[in-house]
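Trainee: Below you'll find the structure I mean.
The values are calculated or read from the model by the stated rules, or taken from the named source; none is laboratory data. As the structure is a prediction and not an experimental result, all values here were calculated from the model. Glycine gets a Cβ as well: all are built from the backbone with ideal geometry, and neighbour counts include every protein chain shown. Note: areas computed on protein heavy atoms with side chains; ligands, DNA, RNA excluded. Shrake-Rupley method; radii C 1.70, N 1.55, O 1.52, S 1.80 Å.
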Amino acid sequence: MAKIIFKGSWIQIKSLNKEDKKNYLLSLSFFFIGAFFWGVHLTTVDGIFGPALEQDNGPFMTLIRSLIIIFWIIAAMYQNKFIKTQDELMHRYYLYLGAWGGIGFISFGMLFSILSPYLGFEIGFYECFLAWAIGTAIGGFIFDRKYLRDGE
């Protein structure tokens, strides 16, 4: 079974058996390939770093956007194969991170939206993603303290 390390923020890959390691690494690889194409896509939309660098909705960008979806679906399939073979603690870890990501999305996202008129920025996908990521990081830390460190 997977060992959770770095205060609840990562899974120790060498702790996995051969099949789990293959599924986990394939999932990560397909996710990162999709993330590369996501970065290409981001050059055509307004975002946290400013306005779009180029306006391209032609067949090339349609292919890029399709590849994002395809690679992330494949990543999700391998992630699902991985998680099915894990124990109850790992299932609880994933549920805990998801729940805390939602709490972060609501609480920090609400804070961002309340402060946005005063700080002169608009709330978009990236700010909401940042709020989710903050919540997930907090959840991993709390999970580590509650279930792995026994309150040390």
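Trainee: Give the residues of region 13-34 that are among the aromatic types (Phe, Trp, Tyr) and more than 14 Å from the chain's Cα centre (by Cα), sorted by residue number.
Mentor: Hit for region 13-34 is 24, nothing else.
Trainee: I need a count of the residues in region 63-88 that are touching a helix residue (DSSP H, G or I) at 6+ places or on another chain (Cβ under 7 Å), surrounded by fewer than 17 Cβ atoms within 10 Å (Cβ to Cβ) and not hydroxyl-bearing (Ser, Thr, Tyr).
Mentor: Of the residues in that region, 2 qualify.
Trainee: What number of residues within region 123-152 satisfy the criterion of being open to solvent by less than 40 Å² (accessible area, probe 1.4 Å), modelled with pLDDT of 85 or more and of a type in the set (Gly, Ala, Ser)?
Mentor: Within region 123-152, residues that are open to solvent by less than 40 Å² (accessible area, probe 1.4 Å), modelled with pLDDT of 85 or more and of a type in the set (Gly, Ala, Ser) number 5.
Trainee: In region 13-22, is there at least one residue being touching a Phe, Trp or Tyr at 6+ places or on another chain (Cβ under 9 Å), of a type outside the set (Asp, Glu) and in a loop (DSSP other than H, G, I, E, B)?
Mentor: The answer is yes, given that some residue of region 13-22 is touching a Phe, Trp or Tyr at 6+ places or on another chain (Cβ under 9 Å), of a type outside the set (Asp, Glu) and in a loop (DSSP other than H, G, I, E, B).
Trainee: Considering 63, 89, which residue is under 23 Å from residue 138 (Cβ atoms), out of contact with any Pro (no Cβ under 7 Å at 6 or more places or on another chain) and assigned to a helix (DSSP H, G or I)?
Mentor: Just a single option satisfies the conditions, and that option is 89.
Trainee: Within region 97-112, identify whether any single residue is hydroxyl-bearing (Ser, Thr, Tyr), open to solvent by 50 Å² or more (accessible area, probe 1.4 Å) and closer than 30 Å to residue 24 by Cα, and answer yes or no.
Mentor: Scanning region 97-112, I find no residue that is hydroxyl-bearing (Ser, Thr, Tyr), open to solvent by 50 Å² or more (accessible area, probe 1.4 Å) and closer than 30 Å to residue 24 by Cα, so the answer is no.
Trainee: Is there a residue in region 114-122 that is surrounded by fewer than 17 Cβ atoms within 10 Å (Cβ to Cβ) and touching an Asp or Glu at 6+ places or on another chain (Cβ under 9 Å)?
Mentor: Checking region 114-122: at least one residue is surrounded by fewer than 17 Cβ atoms within 10 Å (Cβ to Cβ) and touching an Asp or Glu at 6+ places or on another chain (Cβ under 9 Å).
Trainee: Out of all the residues in region 40-47, is one or more open to solvent by 100 Å² or more (accessible area, probe 1.4 Å) and not in a helix (DSSP H, G or I)? Spell out how you get there, then give the answer.
Mentor: Of all residues in region 40-47, those open to solvent by 100 Å² or more (accessible area, probe 1.4 Å) come to 46.
Among the residues that remain, those that are also not in a helix (DSSP H, G or I) are: 46.
Yes, some residue in region 40-47 is open to solvent by 100 Å² or more (accessible area, probe 1.4 Å) and not in a helix (DSSP H, G or I).
Trainee: Return the residues of region 3-18 that are touching a residue at least 40 places away in the same chain (Cβ under 8 Å) and open to solvent by 100 Å² or more (accessible area, probe 1.4 Å); say none if nothing qualifies.
Mentor: If the condition is that a residue be touching a residue at least 40 places away in the same chain (Cβ under 8 Å) and open to solvent by 100 Å² or more (accessible area, probe 1.4 Å), then 7 is the only one that fits.
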